[in-house]
There are 2 protein chains.
Amino acid sequence: MYRSHNCGELTAANIDQEVTLSGWVQKTRNKGFLVWADLRDRYGVTQLIFDEERTDAKVFKQAEALGREFVIQVKGIVIERVSKNPNMPTGDIEILVKELAILNTAITPPFTIEDETDGGEDIRMKYRYLDIRRNPVKNSLLFRHKVAMEVRNYLSKQGFIEVETPVLIKSTPEGARDFVVPSRMNEGQFYALPQSPQTFKQLLMVGGMDKYFQIVKCFRDEDLRADRQPEFTQIDCEMAFVEQEDIVQTFEGLASHLLKELKGVETGTFPRMTYDEAMKKYGNDKPDIRFGMEFGELNEVAQHKEFGVFNNSELVVGIAAPGCASYTRKEIDALIDWVKRPQVGATGMVYAKYNEDGTIKSSVDKFYDQEDLKKWAEATGAQPGDLILILSGDANKTRARLSALRMELATRLGLRNPEVFAPLWVMDFPLLEWDEETERFHAMHHPFTSPKPEDMPLLETDPGKVRANAYDLILNGNEIGGGSIRIHDKATQQLMFKYLGFTEEEAKAQFGFLMDAFQYGAPPHGGLAFGFDRLVAILGGQETIRDFIAFPKNNSGRDVMIDAPSAIDDTQLKELSIKLNL
Amino acid sequence: MYRSHNCGELTAANIDQEVTLSGWVQKTRNKGFLVWADLRDRYGVTQLIFDEERTDAKVFKQAEALGREFVIQVKGIVIERVSKNPNMPTGDIEILVKELAILNTAITPPFTIEDETDGGEDIRMKYRYLDIRRNPVKNSLLFRHKVAMEVRNYLSKQGFIEVETPVLIKSTPEGARDFVVPSRMNEGQFYALPQSPQTFKQLLMVGGMDKYFQIVKCFRDEDLRADRQPEFTQIDCEMAFVEQEDIVQTFEGLASHLLKELKGVETGTFPRMTYDEAMKKYGNDKPDIRFGMEFGELNEVAQHKEFGVFNNSELVVGIAAPGCASYTRKEIDALIDWVKRPQVGATGMVYAKYNEDGTIKSSVDKFYDQEDLKKWAEATGAQPGDLILILSGDANKTRARLSALRMELATRLGLRNPEVFAPLWVMDFPLLEWDEETERFHAMHHPFTSPKPEDMPLLETDPGKVRANAYDLILNGNEIGGGSIRIHDKATQQLMFKYLGFTEEEAKAQFGFLMDAFQYGAPPHGGLAFGFDRLVAILGGQETIRDFIAFPKNNSGRDVMIDAPSAIDDTQLKELSIKLNL
């Protein structure tokens, strides 16, 4: 038996007990006749004391030679500490060591195993097993487990059942982003790894499973934007005999439960917003509503004066940055430079300081008088002390730019508090979006999303205007979940593939199995998938998902620790050639 | 809202309530002025009644046209049934339908959606979404979910945390059975899919995670024996600061909990047996101990007579088939033919009937008298009425053959009752096994398994005799779990790779990351992995795992429903060539 207790549980109540502990040496302190060592394990830290007078000479000598991260086992007596540490649960006691066994030595770690480490991200990734010993990472992994358990127990109590769907599936038309897997048993043929279990969960609904969920790995072989992983985890859910409102209620229930259980936050009913409203008010389909700075459209009050830049713009739109009227010229110029960066792409920015004395001073005073500027303040909701910032140009692009500025300002102003939680439903997404590159409409969510019945006629006349029974759940400006009511009859699904540019043969080859299934009595159904990695990170109060993944890959999709992917050896290559039928 | 209740919950207590139900039409019965329909969903079946007098004429007409598996929604009043059905939970009531909406029609299913179906396995696999509507398959999937929830909640309460390990990993030396995955972001390089998360869970132990588990998909690209899947699910577990006994106790606790919670079975302490004992007593390292028929070795009592066949055999060994002394000559000849089949491979079989009158009649009476035969009975534990069956030859092969016969007889005699549960630990496995083909020793479990310290010296002198700290958990003759104490220091791990025929470079290239990790303070650790598919099937009282998998592949590794794997199209092939750097 390696231990009678762990390193986080002994208190004054255990004084005089003989205990056995095992763990890692966090650090030692040598005072000549006394040696202290902090012993660490997953559960905490306990102080060990070796006393020249009371400890066996051989053990004392061993103690003096203990290095950081040595793995040891000690037997000793719990005694009261002379100088107590009220900041640690075991701070009232220490262990007077009688026996010491070195279970394993350790060479010097490449970075310090402390909450605040001196190791950069690359080195911590390479030695991830050491990084995991640090409290912040360890606690993130414990938290992830806790979230998963809460999700499973909550959904299970609601009658959902977790069903495992296959990982080795068939490649789909978005195939360019599929990982493909050669198969030995079926030479020259390939499996694909799923980007989502979408079709399988729909088949489960056809199969009468009714309420399905799965916490499941999905895969996407694409260039990784920062903080994306080629393998990621979803909470995938689907329900039969439901309308949009049933799904929204069900998963609002789940999200509320998680916020309450894990963060102690009671949010009440989640606000809802249409996609159009979100774009108009925030320039963004996943607005962060922890703070205001709603868009004020200024076309009516700023056009038809002498200012050509505004007059020639499709949209003139502004926000009020709270308390920023005090910005210096230099600070404002820096903001203008910020929006002119290629990543944002504005060509310039107009501003107006709403001074505390009620006057407004703008960068375009030549064209606008105080009365005009008061109207700007009204439209943007600016108060005395605020700074009004205005962009103009093409409506969509200008909204996107102003949204970027809004988020940047909120970050600078400390309005994005990770311990404040603002959930939001965004609904009535467009069914289709125009793809400039291929010059045709693509499904905004996926081709199984149901159009709103009342918009069906528009499919022929104005496809871009058709709204879908689709919804996203937003938390603090992040899409944490998205879903839709699905098409559940063969005729509509065939029509949808036609509108998306599939030939009848293509549709049949790719999704014939699903359309066939719809003929045998498919119930109305719909669902939602949460991005589990993101959800955990946001609930955990972090911006990046990487800390919540035990063994993440870097931005090149590499596991630097185990050096994967890698070239395969000759035997494997030969084997692969056979598989590929080359 | 599609329903106020499900189809399994209405009882006499609901009489006179107006309800809305949705589901599938199981069947209809038309009596001219009355139409009944059984409405089915995941939760049960409720009888609908349409009455020419009390139901709207249009609705009645619709009801007459309802086909099997139509998806409908009805509104109606709960009324008392005239002829109650005590065998169904809703058997006291029926719904007098007022409104009927056909949500989807259905063409005739290719097999009947009943507990006992007319569909063969192939057709049921092709239309798996229809097969899942049948109670036996549906209940198997519900049961699987229940097992997973019990496992997670139990382990979580014991302080284990579930950590997700990567699916896209590095290929290992057992690479020939790895699925490899070309990577777009790293051209010419490959990920592999894990056959188990072995090295990652060991790194978690190095990382101080202490108690890890994961219910996780693993992958093996090999010829599929019947009832194996290229993707399979494991309950993967690992603990630090443990000895073999800690692990055995922990997972015996889990298995006992599952047997009690899911089957109401109290097993008490699981029996244990060494590998050597299992081979000697049952000729098998996963003996089914629901029944006796232990092997009796007869060398001492059957050799040194005139019977050359026995005298020239390394091993003479028999079992007593209970109550089979009454077998006719024809029946015994059939048994002899059975052991002579190439799959078993015996050249013949000696038998002795222990008659009820106490006499023994053998097939070799020429060589053995009653006194000799009494000794056979004693050695095999035969009682009057039993049939003693004896094989001889090479020890290992003979044991394997007699084991096959023992299992076959038990099946014929009805001794393998799926509702009886007999767990067993088999321990002290050999560390290495000789591979005839490559003419060298291979790791019996895997190269990370720790030898028993006291056997370490034998590694140089008699490697085949070295025992490992390895153990299997057997349930009803199936290995449901297996594990070991791992090597946790670099020097021993290097030595092990050397004994397994790795060059230093090969070992470093493949497992350098693990041996590096061992240098930074690796704790003693060990673990166990359960075959989840098999565990669920056995607990569910079934021999085959396929029914407990929502979308299984067939024996060729194919998903016949969605036609995977398949050839990929030109665009994908081009994309793949780029990935492969061809």
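Set side by side, the residues A:421, A:441, A:429 differ, and just one is aromatic (Phe, Trp, Tyr) and surrounded by 21 or more Cβ atoms within 10 Å (Cβ to Cβ), which is A:429. For the stretch B:477-511, a tally of residues being touching a strand residue (DSSP E or B) at 6+ places or on another chain (Cβ under 7 Å), small (Gly, Ala, Ser) and over 25 Å from residue B:254 (Cα atoms) returns 1. In the set A:419, A:433, A:454, A:439, which member is in contact (Cβ under 8 Å) with a residue 40 or more places away in the chain and among the acidic types (Asp, Glu)? Every option except A:419 fails the conditions.
The helices (runs of 4 or more DSSP H) found entirely in the stretch B:97-201 that carry 3 or more residues being open to solvent by less than 20 Å² (accessible area, probe 1.4 Å) are B:128-131, B:135-157.
Residue B:339 passes every criterion in (1) open to solvent by less than 10 Å² (accessible area, probe 1.4 Å); (2) part of a loop (DSSP other than H, G, I, E, B) apart from (2). Condition check for residue A:103 on (1) modelled with pLDDT of 95 or more; (2) away from every other protein chain (no Cβ under 14 Å): one failure, at (2).
Residues in the stretch A:289-314 that are open to solvent by less than 40 Å² (accessible area, probe 1.4 Å), more than 22 Å from residue A:385 (Cβ to Cβ) and in contact (Cβ under 8 Å) with a residue 40 or more places away in the chain: A:307, A:310, A:313.
If the condition is being small (Gly, Ala, Ser) and not in a loop (DSSP other than H, G, I, E, B), then the stretch B:3-42 contributes B:12, B:13, B:22, B:23, B:37. Within the stretch B:215-236, the residues that satisfy the criterion of being open to solvent by less than 10 Å² (accessible area, probe 1.4 Å) and in a strand (DSSP E or B) are B:218, B:219, B:233, B:235, B:236. On the given criteria, is residue B:83 without any contact (Cβ under 8 Å) to a residue 12 or more places away in the chain, assigned by TED's automatic domain parsing to the domain that holds residue B:40 and among the hydroxyl-bearing types (Ser, Thr, Tyr)? In short, yes.
Considering every residue within the stretch B:529-537, establish whether at least one is within 21 Å of residue B:215 (Cα to Cα) and at the interface with chain A (Cβ under 10 Å from one of its Cβ atoms). The answer is yes; a qualifying residue exists.
In this structure, does residue A:182 turn out to be at pLDDT below 95 and facing chain B (nearest Cβ under 9 Å)? The answer is yes for residue A:182. Of all residues in the stretch B:451-483, those satisfying the criterion of being touching a helix residue (DSSP H, G or I) at 6+ places or on another chain (Cβ under 8 Å) and either assigned by TED's automatic domain parsing to the domain that holds residue B:406 or open to solvent by less than 20 Å² (accessible area, probe 1.4 Å) (or both) are B:451, B:455, B:459, B:466, B:471, B:473, B:475, B:476, B:477, B:480, B:481, B:483.
Consider residue B:101 carefully, then state whether it is farther than 21 Å from residue B:541 by Cα and in contact with a Phe, Trp or Tyr (Cβ under 6 Å, 6 or more places away or on another chain).
No: the conditions fail for residue B:101.
Only a single item in (1) part of a loop (DSSP other than H, G, I, E, B); (2) under 41 Å from the mean Cα position of the chain (by Cα); (3) away from chain B (no Cβ under 14 Å) is not met by residue A:68, and it is number (3). Among residues of the stretch A:153-164 that are within 7 Å of another protein chain (Cβ to nearest Cβ), those with a Cβ under 6 angstrom from a residue that is open to solvent by 40 Å² or more (accessible area, probe 1.4 Å), sequence gap 6+ or separate chain, pair up as A:161/B:142.
Restricting A:353, A:397 to those that are over 26 Å from residue A:276 (Cα atoms), outside the structural domain of residue A:477 (by TED's automatic domain parsing) and at pLDDT 95 or above reduces the list to A:353. Exactly one residue out of A:277, A:266 is outside any loop (DSSP other than H, G, I, E, B), free of Cβ contacts under 8 Å to residues at least 24 places away in the same chain and surrounded by fewer than 17 Cβ atoms within 10 Å (Cβ to Cβ), and it is A:277. Hey, among B:34, B:66, which residue is more than 14 Å from residue B:10 (Cα to Cα) and open to solvent by less than 20 Å² (accessible area, probe 1.4 Å)? Sole residue among the options that is more than 14 Å from residue B:10 (Cα to Cα) and open to solvent by less than 20 Å² (accessible area, probe 1.4 Å): B:66.
Considering every residue within the stretch A:34-51, establish whether at least one is more than 18 Å from residue A:7 (Cβ to Cβ) and among the small types (Gly, Ala, Ser). Walk me through it before giving the result.
Here is the first cut: in the stretch A:34-51, the residues more than 18 Å from residue A:7 (Cβ to Cβ) are A:34, A:51.
Narrowing the set further to residues that are among the small types (Gly, Ala, Ser) leaves none.
There is no residue in the stretch A:34-51 that is more than 18 Å from residue A:7 (Cβ to Cβ) and among the small types (Gly, Ala, Ser).
State all residues of the stretch B:523-564 that are over 9 Å from the mean Cα position of the chain (by Cα) and free of Cβ contacts under 8 Å to residues at least 60 places away in the same chain; if no residue qualifies, say none. B:558, B:559, B:562, B:563, B:564 - these are the residues of the stretch B:523-564 that are over 9 Å from the mean Cα position of the chain (by Cα) and free of Cβ contacts under 8 Å to residues at least 60 places away in the same chain. Is it true that residue A:42 is within 11 Å of chain B (Cβ to nearest Cβ), within 30 Å of residue A:140 (Cβ to Cβ) and open to solvent by 40 Å² or more (accessible area, probe 1.4 Å)? Criteria not met by residue A:42. If a residue must be within 41 Å of the chain's Cα centre (by Cα), more than 26 Å from residue B:522 (Cα to Cα) and hydrophobic (A, V, I, L, M, F, W, C), how many such residues does the stretch A:73-106 contain? Here the count works out to 1. Has the stretch A:6-20 got at least one residue that is among the hydroxyl-bearing types (Ser, Thr, Tyr), surrounded by 18 or more Cβ atoms within 10 Å (Cβ to Cβ) and under 45 Å from the mean Cα position of the chain (by Cα)? The answer is no, given that none of the residues of the stretch A:6-20 is among the hydroxyl-bearing types (Ser, Thr, Tyr), surrounded by 18 or more Cβ atoms within 10 Å (Cβ to Cβ) and under 45 Å from the mean Cα position of the chain (by Cα). As an exercise: evaluate residue A:317 against (1) over 30 Å from residue A:523 (Cα atoms); (2) in contact with a strand residue (DSSP E or B) (Cβ under 7 Å, 6 or more places away or on another chain); (3) of a type outside the set (Asp, Glu); (4) not in a strand (DSSP E or B) and give the number of the one condition it does not meet. For residue A:317, the exception is condition (4). Just one of the listed residues (B:495, B:582, B:576) is outside any loop (DSSP other than H, G, I, E, B), within 14 Å of chain A (Cβ to nearest Cβ) and at pLDDT below 95, namely B:576.
The values are calculated or read from the model by the stated rules, or taken from the named source; none is laboratory data. Just so it is clear, the model here is predicted, and its values are computed rather than measured. Note: ideal-geometry Cβ built from the backbone for every residue, glycine included; neighbour counts use all protein chains shown. In case anyone asks, the SASA skips ligands and DNA or RNA and just uses the protein heavy atoms, side chains included. Shrake-Rupley method; radii C 1.70, N 1.55, O 1.52, S 1.80 Å.
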